[in-house]
Amino acid sequence: ATTYNALFSSIILTMHRFLTIVLALIFALYGSQMAMATHPEEHSEQDSASEPPRVPHIALLLPLESPSFGAAANIVKDGFVAATMRGQPLPLIIRIYSTTDDPLDILVTYYEAVTAGAVFVVGPLTRDGVSAMASSSLLKVPTLALNTVDNTATLPPKFYLFGLQMETEASQIAKWAQNSGRSHAIVIGDDGPLSKRLQNAFMQRWQSEEGKTAESFRYSEDPVRLQQFRNLTAGSNHLVFLALDSAKSRVLRTYLDPDVPVYATSQIFTGADNFLLNNDLNGIQFLDMPWLIQPDHPAVMAYRHTGNAKSADMERLYALGIDAFRLMTYLLQPQSVEEISFDGVTGYIHFAPPNQFIREAVAAQFEEGKIQLL
């Protein structure tokens, strides 16, 4: 069985490399014609056999045509465009490249953008798209991806990661909680993939300090099981981390020992206007971006828009678009990436080797249904 699995993996890897080579050859022959067909408004009338001129530009690559991610991509685009109106004029034009969420389509469009003269690419947005880019041989220009990959240790040069990964929040919360004076963490999550990633990120950081222990429990709405959580969480040496969304955290909150510190990620915060819902979360400490919980933050005041009200998740994506533009402007400057750091609307942003930009969120707590910064 082991030999068969190894052979199967080898075949899959060979097929992937073959497809990448074929794709590159196809676009080497037909890339200019396809670019003209995709962006006809950018070309004047000319002989179809002639190659359009390469125009140096910045490419914003988003899954605007995806049924699943199109709405999110449009919000990121809106934030990115809004930031262009606040910042200094750029020496390059920006072109928006619309894709689906299919990794192959993303690779094709990336190749098209570079062929057309892109000297910097912002995107992709989806996790699968970023993974496809990271494992391909198409990366030719500096690229700022708006998500992450499972393995960040072997990324191509000049392929930078930045996004709203809550795994980073979970790790920051563990570091924050290490100063609580408690040594045992009780982690409560469900079977969802995000919850599992949050649980792993928290426990890995928490247990990195000597003397810190942890155990995990599965969330349940069974009345008997809920009653047991009060005894499970009681203890002067305990704290609780909730790898859960807002709805499940509200159900669980009343069953936790009231004297035990409780921590959670930004997914429990659905907006300051939800007073009654937030009242059920009193005492829980969490992290979120200045864009949502710190209106007097200088960057937030500079970029705050007056558009239609959006959900908290959509507001976070809008803020991501703003900071993606701002980070791109720093990467375009002749300086070392290690020197880049700034106060963003998504948090304090700085470089973390080998190729990632981390955002440090703001600490807050629910008090009588309102948000209190810590």
Worksheet item: How much accessible surface does K310 have with a 1.4 Å probe, in Å² rounded to 10?
Response: 70 Å²
Worksheet entry | Charge context of E169, other residues only, Cβ under 12 angstrom, K/R +1, D/E -1 | +2
Worksheet item: Taking a probe of 1.4 angstrom, what is the accessible area of S137 in Å², to the nearest 10?
Response: 80 Å²
Discussion item. If you average the alpha carbon positions of the range 329-357 and of the range 181-211, how far apart do those two centres end up, in angstrom?
Written reply: 27 Å
Worksheet item: What do you reckon, how do L277, L374 stack up by accessible area (1.4 Å probe), largest on top?
Response: L374, L277
Discussion item. With a 1.4 Å probe and all protein chains kept in place, how much accessible area does I93 have, in Å² rounded to the nearest 10?
Written reply: 90 Å²
Worksheet item: If you rank D313, D245 by how much accessible surface each has, with a 1.4 Å probe, what is the order from largest down?
Response: D313, D245
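The values are calculated or read from the model by the stated rules, or taken from the named source; none is laboratory data. Everything numeric here is computed off the predicted structure, so don't read it as measured data. Here the Cβ is made from the backbone with ideal geometry for all residues, glycine too, and neighbour counts use every protein chain on show. We work out accessible area using only protein heavy atoms, side chains counted, and drop any ligands, DNA or RNA first. Shrake-Rupley method; radii C 1.70, N 1.55, O 1.52, S 1.80 Å.
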